[in-house]
């Protein structure tokens, strides 16, 4: 077969290191545009991006030409460098080392996009920790709660 055909919908979720509320509303849209550029430069399709001050959700139509880990390394590394170069915060900005990657069927795409767009409303009543654990349970991912979040040392 001379061509590659795929339809891969993935939601990525990752937090600011120690889940600190560092993403300020005054520059979060700039951050989302910057991350959108990273995703598009790797020839993936950004379907939705949003978050709150301590974490972010990115929903992507992913091409199989790049691994998930390579894409997330680039997004997190380049965006943290971008934040630090612009001195949006007084300290060094870092993302937590891990991430969640969750796949969805084509029938679920609209619901996931709506869910991501409603993040700020969603988190008026739900803690990130509870949301993340629910995503893991929904996707039937086994986990050890001791290693879910990186706590300050």
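The values are calculated or read from the model by the stated rules, or taken from the named source; none is laboratory data. Quantities reported herein were computed from a predicted structural model and do not represent experimental measurements. Don't worry about glycine lacking a Cβ; one is built from the backbone with ideal geometry, like all the others, and counts go over all protein chains shown.
Looking for something assigned to a loop (DSSP other than H, G, I, E, B), farther than 25 Å from residue 133 by Cα, in contact (Cβ under 8 Å) with a residue 24 or more places away in the chain and touching a helix residue (DSSP H, G or I) at 6+ places or on another chain (Cβ under 7 Å) - is there at least one such residue anywhere in the range 7-29?
Within the range 7-29, one or more residues are assigned to a loop (DSSP other than H, G, I, E, B), farther than 25 Å from residue 133 by Cα, in contact (Cβ under 8 Å) with a residue 24 or more places away in the chain and touching a helix residue (DSSP H, G or I) at 6+ places or on another chain (Cβ under 7 Å).
Please go through the range 44-76 and pick out each residue that is surrounded by 13 or more Cβ atoms within 10 Å (Cβ to Cβ) and not in a strand (DSSP E or B).
44, 53, 54, 62, 63, 66, 68, 71, 72, 74, 75, 76
Would you check which residues across the range 103-130 are under 15 Å from residue 21 (Cβ atoms), in contact (Cβ under 8 Å) with a residue 60 or more places away in the chain and more than 15 Å from the chain's Cα centre (by Cα) and list them?
123
Exactly one condition in (1) within 25 Å of residue 24 (Cβ to Cβ); (2) without any contact (Cβ under 8 Å) to a residue 24 or more places away in the chain; (3) part of a helix (DSSP H, G or I); (4) in contact with a helix residue (DSSP H, G or I) (Cβ under 8 Å, 6 or more places away or on another chain) is false for residue 133; which is it?
(1) is the only condition that residue 133 fails.
Take residue 103 and tell me if it is modelled with pLDDT of 95 or more, closer than 26 Å to residue 138 by Cα and surrounded by fewer than 16 Cβ atoms within 10 Å (Cβ to Cβ).
yes
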